[in-house]
Amino acid sequence: MLSPIEEISLMQSTIRFSVVAIVLLAVAGAAQADFIAHFDQPAYNVLPGAAVSVQVLLDADTLAAGDQPTPGGLLSMGITVSFDSTKAEVADTSKIALPLELQSDGAGSPPLLEVAPGQARAFGSVNVFTATEGYGGTLLATIEIANLALLGDSYALSLGRYSASPTFANFVDWSGTLLDAQLSFGTAIVNVVPEPVSLALLGLGGAGLLLKRWRARPA
């Protein structure tokens with residue numbers, strides 16, 4: 001049986017241990033890095049009737065500078081790029097390019113590439129029959145989007161998982177850990193702009209108009 005002094009000492013030790021544990025948990029939570037899939041630019045400028053090439057990148061540590069690869073490498077990844085189908089389109093799956101290391105469905109067949117009105121989807125994996133490590137890059141896909149919008153218009157690009165089904169594993173690291181719950185997604189905007197020559201001519205036209213008005217003013 002403990003004496004009153006020993007009981008107080010034990011209680012104080014328990015309290016100190018609990019406080020230290022709480023602090024350590026808080027620090028660990030604050031230092032936890034998030035995964036984010038994002039576009040290579042926050043905004044793209046495109047000419048009327050032209051196309052824009054966008055890259056989808058992965059940053060496995062948002063607390064560090066620059067995009068960081070997944071520790072241990074990726075086993076698979078799955079993304080969907082969405083946009084207004086009246087303002088843009090992806091013509092066919094040839095407009096979706098994946099890194100060489102991710103050009104498999106994980107079972108020895110080609111990656112899953114799909115296009116639909118307002119969407120381009122891709123699921124790629126390392127070839128588990130030949131790969132000895134996970135994909136260590138940060139580039140997930142390059143997609144060519146044809147602009148249908150008119151001059152002065154703009155529209156959003158958004159990212160999401162290839163499949164929203166809770167039973168489908170999109171992002172998995174080389175050790176087999178499912179990353180979907182840790183992943184967030186970025187957005188971007190596409191602006192339809194005039195050709196640089198048109199802007200230059202507009203500037204020259206404006207300057208000419210000002211010169212004409214200056215010459216015509218009363219003496």
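No lab work stands behind these numbers, since they all come straight from the coordinates. None of these values were measured; they are calculated from a predicted model. Note that we place each Cβ from the backbone using ideal geometry, even for glycine, and neighbour counts take in every protein chain shown.
Extension gain, Ala164 to Ala107, is 18.4 nm, computed as 0.36 nm per intervening residue step minus the present C-alpha separation.
By counting other Cβ atoms within 10 Å of each Cβ, how are Ile189, Ile79 ranked from fewest to most? Numbers along the way, then the final one.
Values: Ile189 14, Ile79 25.
Arranged by neighbour count, lowest to highest, Ile189, Ile79 become Ile189, Ile79.
Annotation: peptides 71-77, 171-177, ranked by per-residue average of other Cβ atoms within 10 Å with the highest first, follow the order 71-77, 171-177. By the equivalent-ellipsoid construction on the alpha carbon gyration tensor, region 35-195 comes out with semi-axes of 28, 17, 13 Å, ordered largest to smallest. About the centre of its Cα atoms, region 35-195 shows a dipole size close to 220 debye [charges on the beta carbon of Lys, Arg (+1) and Asp, Glu (-1) only; nearest 20 debye].
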